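Structure incoming, see below.
Every number in this text was worked out from the coordinates using simple rules, so none of it is lab data. For clarity, every value in this text was computed on a predicted model and none was experimentally measured. Please note: Cβ atoms are built from the backbone with ideal geometry, for glycine as well, and neighbour counts cover all protein chains shown.
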Amino acid sequence: MSPLSDRILMGPGPCNPYPEAVAALGRPMLGHLDPEFIAVLDETNQRLRTVFGTTNRLTFPVSGTGSAGMEAAIINVLGPGDVVVIGVNGVFGNRMCDVAGRAGAEVVRVDFDWGTPVDAERLLAAHPNPTAIAMVQAETSTGALSPLADIGANKGDALFIVDCVTSLAGTPVELDANNVDIAYSGTQKCLGVAPGLAPLSVSDRAIERIKPKPQSWYLDLNMIANYVTGGGARAYHHTAPISMIFSIHAGLAVVLDEGLDNAITRHRRCGTMLQDGLEKRGFELFATEGFRLPQLTSVVIPEGRFGALGEGEVRRTMLDRYGIEVGGGLGDFAGKIWRIGCMGHTARERNVALLLAAIDELSA
């Protein structure tokens, strides 16, 4: 079995973090109101604005993983009497419906085949005057990429809420250009940081619609915003995860030092190399052509490709023999597709070459 330190994380979950982000976890501890830490937090928020493509003043990392970002984005602006139209083309669109329903909002669910993008025309036609329209830009369960521009340009008075967990720093997001009001992400994908924070960005327009008392105390942006934006006295809401803030601060520096466009190009180059290599080996790509994520490739497993080995056994062999983690399918596609990630520090051509060579060796 390969040493844990040698694992190449090419599943849909955590990628290999940037070494600088790992090293930052060991920085000396500071208090969450220490002026030096506040300066790091402010700089982290500014770096997030750059990566999100926004000037939103309420932009910060929520203390929790991407799911906490999803809940913060939804429960602060939706409740009983509100209507939200949600595009569902995979697992994570479905989760948005669950959270919005628990908040008491009326959910107008618009379903699309898994592997296909959310269609703007159908989503916009689903309700004449919704409070919000929500969707996943990069659906982690299928590898499908859904464009934002047409929805943002034609949403009317509705708030536009977008899941950017797998897209941020790997695919252009551009919140302001796409008229997105609220977006959330995670640290463990293309940002190249360990799981534990959920970058969130909220427009001034959405701030005006935050509920006076959202159903979550911990994620109440009314109380968090003062600490994050520095308005007046820096009153804190909860103790910030100091070391994780240090880590995302360092991870964002890696992305911005490389250049955001260059980081996106690197993800695209690795994704193209992987997808071309799989197709040349007779594998069928699952997501619709023209709407495939470069950083998360979903692929149908050819029957009998690996002889008597089941797909789970092949993935386990890859992990044990080569140190490569590959993710399986979810829901109806469990056991039928793989989800292969090329994200963050993992998005290197050498990793793609090793994976393809492992597939060749294991093929019947």
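How much length is gained on full extension from D204 to L260, taking 0.36 nm per residue of separation minus their Cα-Cα distance?
Between D204 and L260, full extension yields 17.7 nm more.
Scan around V108 for amide H atoms under 5 Å from its own, H built in the peptide plane at 1.01 Å from N, and keep only partners 5 or more places away or cross-chain.
Sorted by chain and number, the residues that satisfy this are V84, V85, I86.
Give me the distance in nm between label points sitting 7 Å out from Cα along the Cα-to-Cβ direction at D150 and T55, one decimal.
2.9
So, one more: Show that you can apply the helix-only estimate: for the chain, add -39,500 (n - 2.57) for every DSSP H stretch of four or more residues, divide by all residues, and state [θ] at 222 nm to the nearest 500.
So the helix-based figure for the chain works out to -10500 deg cm²/dmol.
Now for a different question. Roughly what would the spin-label model give for H127 and N226, points 7 Å off Cα along C-beta, in nm?
According to this spin-label approximation, the distance is 3.2 nm.
What spacing in nm lies between the two simple spin-label points modelled at H32 and K213, each 7 Å away from Cα in the Cβ direction?
Those two pseudo-labels are separated by 2.3 nm.
Now for a different question. At 0.36 nm per residue, and after removing the present C-alpha to C-alpha distance, how many nm does the segment from T116 to R321 gain when stretched out fully?
70.4 nm
Please list, in order, the residues from segment 107-122 whose amide nitrogen is less than 19 Å from a point placed 7 Å along the Cα→Cβ vector of K336.
Zone members listed by number: 111-118.
Could you please rank T239, T54, placing first whichever residue has the fewest other Cβ atoms within 10 Å of its Cβ?
Ascending number of Cβ neighbours within 10 Å: T239, T54.
Which net charge results for the neighbourhood of P199, defined as the other residues with beta-carbon distances under 11 angstrom from its beta-carbon, given Lys and Arg at +1 and Asp and Glu at -1?
Local net charge: +3.
Count the net charge of all other residues whose Cβ sits under 15 Å from the Cβ of E106, scoring Lys and Arg as +1 and Asp and Glu as -1.
Charge balance in the 15 Å sphere: 0.
Put +1 on the Cβ of each Lys and Arg and -1 on the Cβ of each Asp and Glu in the chain; which of G282, A125, L296 then has its Cα farthest toward the positive end of the dipole?
Of G282, A125, L296, it is L296.
Relative contact order (percent) for segment 129-279, with alpha-carbon contacts under 8 angstrom and 6 or more residues of separation?
Relative CO of segment 129-279 lands at 17 percent.
Still on this structure, please answer the following. Just to check I understand the Karplus step: with θ = phi - 60° and J = 6.51 cos²θ - 1.76 cosθ + 1.60, what whole-Hz values come out for segment 154-167, glycine and proline as x?
So the J values, rounded to whole Hz, are 10, 7, x, 7, 5, 6, 10, 10, 10, 7, 10, 4, 9, 8.
Further, regarding this structure: Sequence-distant or interchain residues sharing an amide H contact under 5 Å with L159, placed H: which?
Amide H neighbours of L159, under 5 Å, 5+ apart: A132, I133.
Please say if segment 48-158 is rounded, prolate or oblate, where rounded means a/c under 1.5 for a ≥ b ≥ c the square roots of the C-alpha gyration tensor eigenvalues, and otherwise the choice is prolate for a/b larger than b/c and oblate otherwise?
Taking the square roots of the gyration eigenvalues as a ≥ b ≥ c, segment 48-158 is rounded.
Whole-Hz Karplus ³J(HN,Hα) for segment 109-117, in order, using 6.51 cos²θ - 1.76 cosθ + 1.60 and θ = phi - 60°, x for Gly and Pro?
Residue by residue, segment 109-117 yields 8, 10, 8, 10, 4, 4, x, 9, x Hz.
Okay, next question. Within the chain, which whole H helices from DSSP have a Cα span along their axis of at least 24 Å and a mean Kyte-Doolittle hydropathy of 1.0 or more, if any?
The answer, listed by residue number, is 242-258.
Another question, then. Counting Lys +1, Arg +1, Asp -1, Glu -1, what net charge surrounds H249 among other residues with beta carbon under 15 Å of its beta carbon?
-3
For A308 and Q46 in the same chain, what is the full-extension length gain: residue separation times 0.36 nm, less their Cα-Cα distance, in nm?
That works out to 89.1 nm of additional length.
Whole-Hz Karplus ³J(HN,Hα) for segment 287-302, in order, using 6.51 cos²θ - 1.76 cosθ + 1.60 and θ = phi - 60°, x for Gly and Pro?
Ordered by residue, 3J(HN,Hα) equals 6, 4, 4, x, 9, 9, 6, x, 8, 9, 9, 9, 9, 7, 8, x Hz.
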